[in-house]
Amino acid sequence: MKETLVRNVFSKVASNYDIMNDAMSMGVHRLWKDHFIRSMSPARGAKLIDVAGGTGDIAQRFLEYQDKINGDSTSSVHMVDINPDMLREGEQRFASTKWHDDERIGFTVGNAENLEFVKDGEFDVYTIAFGIRNCTHPERVVREAYRVLKPGGRFM
């Protein structure tokens with residue numbers, strides 16, 4: 001029930017999601033996301049899984065940070081979202097970036113509660129941020145997060 005409701009709500013707002021965030025937060029969400037990436041302080045070559053990645057703003061900031069701060073062109077990010085419309089917005093965002101045909105970014109429609117397409121211990125960092133509030137079973141999400149993280153990986 002909750003999963004269907006969340007999917008329907010985000011399908012309706014997908015194309016305006018970033019504008020809505022700007023309006024509701026008066027742009028502060030951008031500052032928060034920049035701080036989030038700086039706090040992550042990812043190492044060179046880091047592999048990020050961005051769950052509930054939606055429009056790709058965290059994923060893009062991650063790659064920008066790695067390129068500009070770490071001089072790293074090997075880090076990668078895999079965006080996962082249960083909502084295909086939101087993920088499509090993320091793909092469109094990346095279509096106009098230098099990463100548009102790059103193997104450093106991947107997109108998968110998937111449920112945070114069951115990341116069956118991800119190997120154990122595959123990622124250095126797992127982000128879900130506010131997306132966890134929309135999950136039906138947060139305890140399953142956390143269990144999956146720790147399964148896909150490498151030992152010592154970060155859940156954010």
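Based on this model, can you work out whether Gly153 counts as more than 12 Å from the chain's Cα centre (by Cα), open to solvent by less than 60 Å² (accessible area, probe 1.4 Å), under 24 Å from Arg38 (Cβ atoms) and in contact (Cβ under 8 Å) with a residue 24 or more places away in the chain?
On the way: more than 12 Å from the chain's Cα centre (by Cα): yes; open to solvent by less than 60 Å² (accessible area, probe 1.4 Å): yes; under 24 Å from Arg38 (Cβ atoms): yes; in contact (Cβ under 8 Å) with a residue 24 or more places away in the chain: yes.
For Gly153, the condition - more than 12 Å from the chain's Cα centre (by Cα), open to solvent by less than 60 Å² (accessible area, probe 1.4 Å), under 24 Å from Arg38 (Cβ atoms) and in contact (Cβ under 8 Å) with a residue 24 or more places away in the chain - is met.
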Open item on the list: For the structure I just gave you, tell me whether Ser96 is over 17 Å from Lys47 (Cβ atoms) and of a type in the set (Ser, Thr, Tyr).
Closed with: yes
Open item on the list: Among (1) in contact (Cβ under 8 Å) with a residue 60 or more places away in the chain; (2) out of contact with any strand residue (DSSP E or B) (no Cβ under 9 Å at 6 or more places or on another chain); (3) more than 15 Å from Ala112 (Cβ to Cβ); (4) not β-branched (Val, Ile, Thr), there is one condition Arg88 misses while meeting the rest; what is its number?
Closed with: (2)
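Could you check region 98-134 and list, in sequence order, the residues that are out of contact with any Phe, Trp or Tyr (no Cβ under 9 Å at 6 or more places or on another chain), touching a residue at least 60 places away in the same chain (Cβ under 8 Å) and not small (Gly, Ala, Ser)? Please lay out each step first, then the result.
Within region 98-134, the first condition is being out of contact with any Phe, Trp or Tyr (no Cβ under 9 Å at 6 or more places or on another chain), and the residues that meet it are 98-99, 101, 103-104, 106, 109, 111-124, 130-133.
Applying the additional criterion that residues be touching a residue at least 60 places away in the same chain (Cβ under 8 Å) yields 111-112, 115, 118, 122-124, 130-132.
Residues satisfying the conditions are Asn111, Leu115, Val118, Glu122, Phe123, Asp124, Phe130, Ile132.
The values are calculated or read from the model by the stated rules, or taken from the named source; none is laboratory data. Quick caveat, the model's predicted, so the values are computed rather than measured. Reconstructed Cβ throughout: ideal geometry from the backbone, glycine too, with neighbour counts over all protein chains shown. Areas reflect the complete protein model, heavy atoms only, side chains present, ligands, DNA and RNA absent. Shrake-Rupley method; radii C 1.70, N 1.55, O 1.52, S 1.80 Å.
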